[in-house]
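Reading through the structure tokens given below for one structure.
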Amino acid sequence: MRLLAPLVGMVALVLGTALVLAAEGNQATEKPYTIVDGKVDKKTFNGWRRYTESCLRCHGPDGAGSSYAPSLVDSAKHMTQDEFNEIVVNGRTNVNAASENVMPPFGEVEDVVTYLDDIWAYLKARADGVLDRGRPPRIGD
């Protein structure tokens with residue numbers, strides 16, 4: 001019996017670790033958007049609307065970037081939503097030998113911070129290549 005207790009403890013530890021890793025893997029593969037037959041869910045459509053109203057003037061149509069600000073579609077391929085939220089809320093300054101780029105903070109702009117999840121869903125769908133440029137059709141339309 002004394003030998004069995006440590007073995008049971010190790011099996012429980014291994015199984016617990018495997019369950020945690022599986023849960024984290026599922027979260028990483030879970031998409032923030034829903035697209036059915038080329039049409040987006042309400043959240044992703046609202047993200048396109050909010051992006052168009054608040055972000056387009058600097059980051060260009062469809063998140064593709066401009067001469068003024070980088071492509072958010074490319075950025076969404078390499079960053080997490082938490083990183084995206086941090087930059088949008090607090091802003092960022094990038095300085096190099098050729099230029100200085102400033103992203104102003106939007107942490108107090110209600111039409112942006114209230115809908116960060118929606119904007120992220122739209123940009124992530126674009127970054128994942130499952131949503132084309134232009135006004136996305138909505139599920140149910």
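The values are calculated or read from the model by the stated rules, or taken from the named source; none is laboratory data. Nothing here was measured: the structure is a model prediction, and the numbers come from that model. No Cβ is skipped: glycine too gets one built from the backbone with ideal geometry, and neighbour counts run over all protein chains shown. Side chains are part of the model used for accessible areas, which takes the heavy atoms of the whole protein and leaves out ligands, DNA and RNA. Shrake-Rupley method; radii C 1.70, N 1.55, O 1.52, S 1.80 Å.
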Point to revise | Positive-pole candidate from 85, 67, 56, dipole of region 36-94, charges at beta carbon | key: 56
Review point. Could you give the distance between the Cα centres of region 62-86 and region 34-58, to the whole Å?
Key: 14 Å
Check your understanding: Where does each of 114, 52, 44 land when they are ordered by accessible area, with a 1.4 Å probe and the largest first?
Key -> 114, 52, 44
Check your understanding: Between residue 139 and residues 5 or more places away or on another chain, which pairs have amide H atoms under 5 Å apart, with H built 1.01 Å from N, and which residues are they?
Key -> 40, 41
Exercise for review: Compute, for residue 48, the solvent-accessible surface of its heavy atoms (probe 1.4 Å) with the complete set of protein chains present, and express it in square angstrom to the nearest 10.
Suggested key: 50 Å²
Practice item. Please arrange 115, 51 by accessible surface area, largest first, computed with a 1.4 Å probe and ligands excluded. Key: 115, 51
Study note, to complete from the structure: Expressed in square angstrom to the nearest 10, the accessible area of residue 139 with a 1.4 Å probe stands at 80 Å²
**Study point:** Accessible-area ranking of 67, 54, largest first, probe 1.4 Å
**Key:** 67, 54
Exercise for review: Sketch the reach of a paramagnetic label on residue 141 as a point 7 Å from Cα along Cα-to-Cβ, and name the residues of region 27-68 whose backbone nitrogen lies under 16 Å away.
Suggested key: 34-53, 62
